[in-house]
Protein chains: 2
Amino acid sequence: MARPTPLSGFPEWLPEGRIVEQHVLDVLRSTFELHGFAGIETRAVEPLEQLLRKGETSKEVYVLRRLQEEPDAASDRSGQLGLHFDLTVPFARYVLENAGHLAFPFRRYQIQKVWRGERPQDGRFREFVQADIDVVGAGTLPYHYEVELPLVMAEALGRLREIGLPPVRILVNNRKVAEGFYRGIGLSDVEAVLRSIDKLDKIGPDAVADLLVADAGADVEQARACLRLAGISGSDEDVVDRVRSLAVEVGAQHDLLDEGLTELGQLVRAAQDRAPGVVVADLKIARGLDYYTGSVYETVLVGHEQLGSICSGGRYDTLASDGATSYPGVGLSIGVSRLVSRLLGAGLVRATRSVPSAVLVAVSSEEDRSRSDAVATALRARGIPVEVAPAAAKFGKQIRHADRRGIPFVWFPGPAEAGGTADEVKDIRSGEQVAADASTWSPPTEDLYPRVVAAD
Amino acid sequence: MARPTPLSGFPEWLPEGRIVEQHVLDVLRSTFELHGFAGIETRAVEPLEQLLRKGETSKEVYVLRRLQEEPDAASDRSGQLGLHFDLTVPFARYVLENAGHLAFPFRRYQIQKVWRGERPQDGRFREFVQADIDVVGAGTLPYHYEVELPLVMAEALGRLREIGLPPVRILVNNRKVAEGFYRGIGLSDVEAVLRSIDKLDKIGPDAVADLLVADAGADVEQARACLRLAGISGSDEDVVDRVRSLAVEVGAQHDLLDEGLTELGQLVRAAQDRAPGVVVADLKIARGLDYYTGSVYETVLVGHEQLGSICSGGRYDTLASDGATSYPGVGLSIGVSRLVSRLLGAGLVRATRSVPSAVLVAVSSEEDRSRSDAVATALRARGIPVEVAPAAAKFGKQIRHADRRGIPFVWFPGPAEAGGTADEVKDIRSGEQVAADASTWSPPTEDLYPRVVAAD
């Protein structure tokens with residue numbers, strides 16, 4: 001077999017990279033659990049018709065067929081399965097399927113791979129890990145969750161600062177503000193306005209103004225007003241006052257606008273208190289998806305804005321509905337693979353070694369291997385990760401074996417008849433070698449497990 | 001949308017079941033890391049031709065196609081991707097692809113989902129989690145790893161005893177013993193003999209004897225000898241002596257037999273010392289797959305033998321090869337989903353609650369929600385999982401909310417002006433309510449996180 005080459009869009013890490021990814025996942029999980037989110041996993045597949053309920057994603061879906069099955073005509077979709085392309089669609093299905101067994105509001109986190117058949121680019125993969133949190137209510141869901149959830153993500157991402165993650169900026173907007181403002185100035189095709197505004201960063205204000213006139217039925221004055229709204233941003237309540245002034249100036253009046261501004265003000269106030277400098281109200285954030293009905297969120301890594309959003313979401317009034325009950329929710333999703341690939345690719349972070357072992361137990365002869373195994377067992381019983389040398393080679397070679405793997409300590413068992421009293425352990429970085437007893441010796445805490453640290 | 005129904009073969013757990021599964025995964029991961037195995041993940045897909053290198057698995061593969069792609073004729077397989085059906089094929093590819101960056105012998109664990117398009121049955125799924133450990137060498141791999149790896153699994157599964165996992169029995173055999181014995185009595189179609197012996201539990205000795213005569217070219221005497229070998233089992237070295245006696249009796253002489261018996265004896269001896277009563281030499285264990293060349297392993301849950309093997313594997317001389325170098329390995333794979341579904345389905349185990357939160361902070365009025373948020377933040381800062389009540393309902397209702405979710409403590413913030421000095425916390429199981437300070441109070445350790453325990 002020839003040496004295989006990577007598949008574009010399907011990232012894999014070497015062991016050291018996986019240590020970084022695992023650390024990120026552990027930090028996310030523990031933060032979510034501290035906030036009372038229950039972990040769930042859903043199957044990787046959903047019925048195709050379920051995945052295609054929103055037509056715009058149809059390009060991305062991977063469809064499955066068993067090899068021995070007759071290839072289905074593309075038109076016959078009944079019973080076909082596809083890989084999920086996000087964790088929201090499966091979660092909505094899970095909630096409906098298990099509603100009778102869940103206590104609402106239901107707080108859940110979910111960390112899994114998703115698949116999209118898109119053209120791979122920097123930070124955009126065909127297989128990637130998402131980490132989602134959502135709160136979903138039965139019938140109703142109070143607004144305060146729209147304040148709480150981005151702050152949970154701010155805390156999670158903040159805890160990654162110490163391993164070298166750049167600071168994040170969570171950009172928030174509120175659909176009610178946008179919709180109320182547009183309607184207030186006489187624009188009724190809200191979706192078309194949002195779609196145009198969403199292109200602001202890509203095509204610039206002049207082209208967006210043209211789009212608003214061409215697609216959203218705006219006149220030049222209305223287009224200008226929309227662009228002025230989109231230009232407002234800030235991290236304190238002043239931002240709300242500026243929207244209000246603009247609304248007065250252009251004559252935008254609507255109950256939705258008032259409601260949205262009250263909510264946005266509440267979020268900005270709480271964020272200033274609990275995550276100062278992280279949350280920024282940004283009135284141009286539109287989010288393409290049409291099911292958001294309140295707050296919307298995007299998150300950029302400061303200094304890496306061109307990577308795109310690494311954590312997005314919002315409020316949706318109908319995550320799922322079984323006819324009798326509808327389930328409103330609010331949630332955000334971190335693009336873990338995008339984050340980790342940037343951390344590794346930009347050399348921001350490293351693991352202190354690529355294997356768990358803190359100690360390599362040397363083997364003096366194959367007949368004495370059981371003596372080395374016993375040392376390893378004694379150390380492991382006290383929580384120290386250990387491996388035993390692969391062969392009873394010369395000690396110099398065994399030390400090089402440890403060195404190549406980044407294992408900091410090599411243990412030399414004394415003769416069996418000494419019963420462990422003649423054991424010695426060497427820190428191969430300093431060369432220092434001391435007498436040691438496997439029932440009491442421990443490595444320094446910082447050497448116990450590989451750590452993930454900011455690169456120098 | 002109507003209430004969806006589960007997909008047969010794609011298991012999902014409620015939050016409490018996921019806590020059990022997560023605990024099992026955590027125990028496996030920490031055991032593997034204590035033994036110096038580095039964690040990796042591979043992508044879910046492999047090129048179809050890679051998955052089909054061994055023809056017999058072709059029935060099980062899920063093939064992927066992007067929805068907008070033209071459906072490929074089944075005959076055109078070039079460039080097609082399939083979901084991996086185990087973690088060994090992807091690991092072999094990973095080793096070849098990254099050989100230049102890995103230190104050999106390379107110890108890795110890998111815990112991921114795999115997919116097989118098989119007919120679902122009890123304990124047999126279309127999507128399931130496997131947890132694998134392997135050691136792979138470049139060029140050579142000493143025998144002692146064949147002793148070490150099943151003992152790592154014995155330790156991992158042994159650590160699950162405390163949550164109610166029944167004891168396990170690891171059945172071991174050695175291909176060299178079987179092959180040497182068969183050749184020694186004049187049977188050269190070793191594969192055919194192994195395939196027949198593999199059916200012993202299913203069809204019984206008489207039918208196997210017929211098969212040996214019909215398919216493996218055996219005469220009645222040879223068939224009887226094979227069955228007598230298959231009938232030998234035991235957990236001490238006596239088992240080796242019994243095979244030797246049988247070999248003398250039937251005139252089976254072969255170097256491979258001697259070599260295999262020396263190895264098997266070494267394994268049984270080490271196992272008696274390090275995992276007494278767990279490892280049993282069982283000469284009928286054949287394992288269908290033809291790439292094993294030394295030790296083979298199967299594992300049954302005592303009292304649940306009909307569930308089939310929950311942990312299998314063996315030694316293969318050529319896990320992978322790039323022409324210049326071949327990579328021998330030894331590994332075992334735990335069927336985590338099979339294990340967890342039995343633990344849950346047979347009611348052997350339960351979680352002490354279904355949510356992470358140890359404390360629900362009550363809210364006296366929506367205006368005072370920030371006061372409750374501050375208490376939650378203070379508790380979380382000290383590692384206590386907390387959520388805040390969804391609404392400022394009557395306290396009785398908030399307590400019932402906690403009760404329904406199994407949250408043991410409800411915190412009542414005092415008036416803001418008291419600055420936390422009038423806070424109280426109630427253990428809703430005992431009803432005991434005491435004054436408490438969020439900067440010092442902690443729940444008892446056993447209440448901090450949900451625990452997984454043996455069911456009564």
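A count restricted to the stretch B:22-46 and to residues that are open to solvent by 10 Å² or more (accessible area, probe 1.4 Å) and more than 8 Å from chain A (Cβ to nearest Cβ) stands at 6. Restricting the stretch A:264-288 to residues that are more than 14 Å from chain B (Cβ to nearest Cβ) and under 19 Å from the mean Cα position of the chain (by Cα), the residue that is most open to solvent (accessible area, probe 1.4 Å) is A:ARG287. Can you find a residue in the stretch A:271-288 that is more than 19 Å from A:GLY234 (Cα to Cα) and in contact (Cβ under 8 Å) with a residue 12 or more places away in the chain? Scanning the stretch A:271-288 turns up at least one residue that is more than 19 Å from A:GLY234 (Cα to Cα) and in contact (Cβ under 8 Å) with a residue 12 or more places away in the chain. When A:SER233 is tested against (1) surrounded by fewer than 20 Cβ atoms within 10 Å (Cβ to Cβ); (2) farther than 26 Å from A:PRO276 by Cα; (3) of a type outside the set (Lys, Arg), just one condition goes unmet, and that condition is (2). Take B:SER430 and decide whether it is polar (S, T, N, Q) and either surrounded by fewer than 22 Cβ atoms within 10 Å (Cβ to Cβ) or in contact with a Phe, Trp or Tyr (Cβ under 7 Å, 6 or more places away or on another chain) (or both). Taking the combined requirement at face value, the residue satisfies it. Quick check, is B:PRO413 closer than 22 Å to A:TYR143 by Cα, away from chain A (no Cβ under 11 Å) and either open to solvent by 10 Å² or more (accessible area, probe 1.4 Å) or polar (S, T, N, Q) (or both)? Yes: the conditions hold for B:PRO413. Take the stretch A:318-348 and flag every residue that is open to solvent by 10 Å² or more (accessible area, probe 1.4 Å), among the hydrophobic types (A, V, I, L, M, F, W, C) and closer than 21 Å to A:ILE111 by Cβ. Passing the criteria: A:LEU319, A:LEU344. Among residues of the stretch B:378-404 being open to solvent by less than 10 Å² (accessible area, probe 1.4 Å) and closer than 21 Å to B:GLU16 by Cβ, the one that is nearest to the other protein chains (Cβ to nearest Cβ) is B:GLU387.
Scoring B:GLU367 on the criteria (1) under 29 Å from B:ALA416 (Cα atoms); (2) in contact (Cβ under 8 Å) with a residue 12 or more places away in the chain leaves a single failure, condition (2). Would you say B:LEU339 is within 14 Å of another protein chain (Cβ to nearest Cβ), in contact (Cβ under 8 Å) with a residue 60 or more places away in the chain and either touching a strand residue (DSSP E or B) at 6+ places or on another chain (Cβ under 7 Å) or part of a helix (DSSP H, G or I) (or both)? For B:LEU339, the condition - within 14 Å of another protein chain (Cβ to nearest Cβ), in contact (Cβ under 8 Å) with a residue 60 or more places away in the chain and either touching a strand residue (DSSP E or B) at 6+ places or on another chain (Cβ under 7 Å) or part of a helix (DSSP H, G or I) (or both) - is not met.
Mind listing whichever residues of the stretch B:401-440 are more than 38 Å from the chain's Cα centre (by Cα) and either part of a helix (DSSP H, G or I) or touching a residue at least 60 places away in the same chain (Cβ under 8 Å) (or both)?
Start the filter on the stretch B:401-440 by keeping residues that are more than 38 Å from the chain's Cα centre (by Cα), which leaves B:411-426, B:430-440.
Once the filter is applied, which keeps residues that are more than 38 Å from the chain's Cα centre (by Cα) and either part of a helix (DSSP H, G or I) or touching a residue at least 60 places away in the same chain (Cβ under 8 Å) (or both), the stretch B:401-440 yields B:ALA416, B:GLU417, B:ALA418, B:VAL425, B:ALA438, B:SER439.
Can A:PHE91 be described as open to solvent by less than 10 Å² (accessible area, probe 1.4 Å), outside any strand (DSSP E or B) and not small (Gly, Ala, Ser)? For A:PHE91, the condition - open to solvent by less than 10 Å² (accessible area, probe 1.4 Å), outside any strand (DSSP E or B) and not small (Gly, Ala, Ser) - is met.
How many residues does the stretch B:349-364 hold that are touching a residue at least 60 places away in the same chain (Cβ under 8 Å), away from chain A (no Cβ under 11 Å) and either crowded, with 20+ Cβ neighbours inside 10 Å or more than 23 Å from B:PRO390 (Cα to Cα) (or both)?
First, pick out the residues of the stretch B:349-364 that are touching a residue at least 60 places away in the same chain (Cβ under 8 Å): B:349-356, B:358-359.
If we keep only those that are away from chain A (no Cβ under 11 Å) too, we end up with B:349-350, B:352.
Within this subset, residues satisfying the condition of being either crowded, with 20+ Cβ neighbours inside 10 Å or more than 23 Å from B:PRO390 (Cα to Cα) (or both) are B:349-350.
Going through the stretch B:349-364 one residue at a time, the tally reaches 2.
Total residues in the stretch A:74-113 satisfying the condition of being at the interface with chain B (Cβ under 7 Å from one of its Cβ atoms) and at pLDDT below 90: the figure is 1. With in contact with a Lys or Arg (Cβ under 8 Å, 6 or more places away or on another chain) and hydroxyl-bearing (Ser, Thr, Tyr) as the only criterion, which of B:SER357, B:SER333, B:SER341, B:SER365 stands out? It is B:SER357. The residues of the stretch A:131-180 that are open to solvent by 10 Å² or more (accessible area, probe 1.4 Å), of a type in the set (D, E, K, R) and within 14 Å of chain B (Cβ to nearest Cβ), listed by number, are A:GLU148, A:GLU155, A:ARG159. Residues in the stretch B:119-130 that are at the interface with chain A (Cβ under 9 Å from one of its Cβ atoms) and part of a loop (DSSP other than H, G, I, E, B): B:ARG126 only.
The values are calculated or read from the model by the stated rules, or taken from the named source; none is laboratory data. Just so we're clear, the structure is a prediction, and the values are computed from it rather than from any experiment. Cβ coordinates were reconstructed from backbone atoms using ideal geometry, including for glycine residues, and neighbour counts include every protein chain displayed. Remember, those area values only see protein heavy atoms, side chains included, never the ligands or the DNA or RNA. Shrake-Rupley method; radii C 1.70, N 1.55, O 1.52, S 1.80 Å.
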